[in-house]
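Have a look at the structure below before the remarks.
The values are calculated or read from the model by the stated rules, or taken from the named source; none is laboratory data. This one's a predicted model, so the numbers in the text were calculated from it and none came from an experiment. Cβ: placed from backbone, ideal geometry, glycine included. Neighbour counts: every protein chain shown. Note: areas computed on protein heavy atoms with side chains; ligands, DNA, RNA excluded. Shrake-Rupley method; radii C 1.70, N 1.55, O 1.52, S 1.80 Å.
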Amino acid sequence: MQIITLGNDLLRQKAEKVEKIDAEIIELAKKMFETLESEQGLGLAGPQIGVNKRIFVTHIQNDDPRVFINPSIIETSAETAKCEEGCLSIPGVYASVVRPEAIKLQAWNEKGKPFTIEAEGLVARVILHEYDHLEGVLFLEHLPQDKREKLIEKYEKGEVTRKKDKRQE
Ligand code: NI
């Protein structure tokens with residue numbers, strides 16, 4: 001599946017609830033994982049492949065691959081962490097983003113089973129990044145305006161390069 005990039009309005013929409021977790025969703029999740037692996041990403045959300053639904057997948061280092069459908073954030077820690085992030089939809093752009101260090105989130109998996117996950121560090125960060133995609137929010141929006149504008153300008157001029165060793169989401 002092709003990943004849509006900055007400038008496409010589909011990235012700015014609030015995604016719609018998945019009404020039924022069926023074979024179509026299983027197939028979608030499978031394709032999303034294939035895309036994630038081929039792009040060597042950490043996470044991928046529906047809107048990034050033009051599917052305006054509340055679904056994202058993650059595969060983070062040693063963590064199991066996970067599917068999140070209709071997720072809701074139950075809790076975020078007051079403690080925050082700052083870490084460099086990138087996004088498959090803004091390839092080559094990296095910036096340090098402040099996010100909660102830990103989260104608690106509820107969602108359904110591709111089998112239609114509800115689950116709750118408590119995560120911290122990189123796993124929490126990727127989940128929050130993907131959750132933002134469902135709200136039409138890109139990671140650059142967490143940056144001060146001047147910094148964001150500078151990065152977008154560089155991106156639009158083609159002055160950015162995707163780093164091989166840096167994974168994006
Ligand atoms: Ni992203």
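Structure summary
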quantity	calculated
Pairs where the first residue, in the stretch 13-24, is farther than 15 Å from residue 50 by Cα and the second is open to solvent by less than 100 Å² (accessible area, probe 1.4 Å), C-beta under 8 Å, 6+ apart	21/69; 21/108; 21/110; 21/112
Of all residues making up the stretch 84-101, the number that are within 14 Å of the ligand (Cβ to nearest atom), in a strand (DSSP E or B) and within 22 Å of residue 5 (Cα to Cα)	6
Pairs, first touching a residue at least 60 places away in the same chain (Cβ under 8 Å) in the stretch 156-169, second open to solvent by 100 Å² or more (accessible area, probe 1.4 Å), C-beta under 7 Å, six or more apart	167/40
Hey, residue 165 away from the ligand (no atom under 16 Å from the Cβ), under 23 Å from residue 34 (Cβ atoms), open to solvent by 50 Å² or more (accessible area, probe 1.4 Å) and outside any helix (DSSP H, G or I) or not	yes
Looking only at the stretch 93-115, and only at residues there that are touching a Phe, Trp or Tyr at 6+ places or on another chain (Cβ under 8 Å) and closer than 14 Å to residue 68 by Cα, the one that is surrounded by the most Cβ atoms within 10 Å (Cβ to Cβ)	107
Hits in the stretch 50-71 - residues which are within 24 Å of residue 165 (Cβ to Cβ) and touching a helix residue (DSSP H, G or I) at 6+ places or on another chain (Cβ under 7 Å)	56, 57, 58, 59, 60, 63, 65
Residue tally, condition within 19 Å of residue 7 (Cβ to Cβ) and open to solvent by 30 Å² or more (accessible area, probe 1.4 Å), over the stretch 116-141	3
Candidate set from the stretch 78-87 (those that are open to solvent by 10 Å² or more (accessible area, probe 1.4 Å) and touching a residue at least 40 places away in the same chain (Cβ under 8 Å)); member that is nearest to residue 121 (Cα to Cα)	81
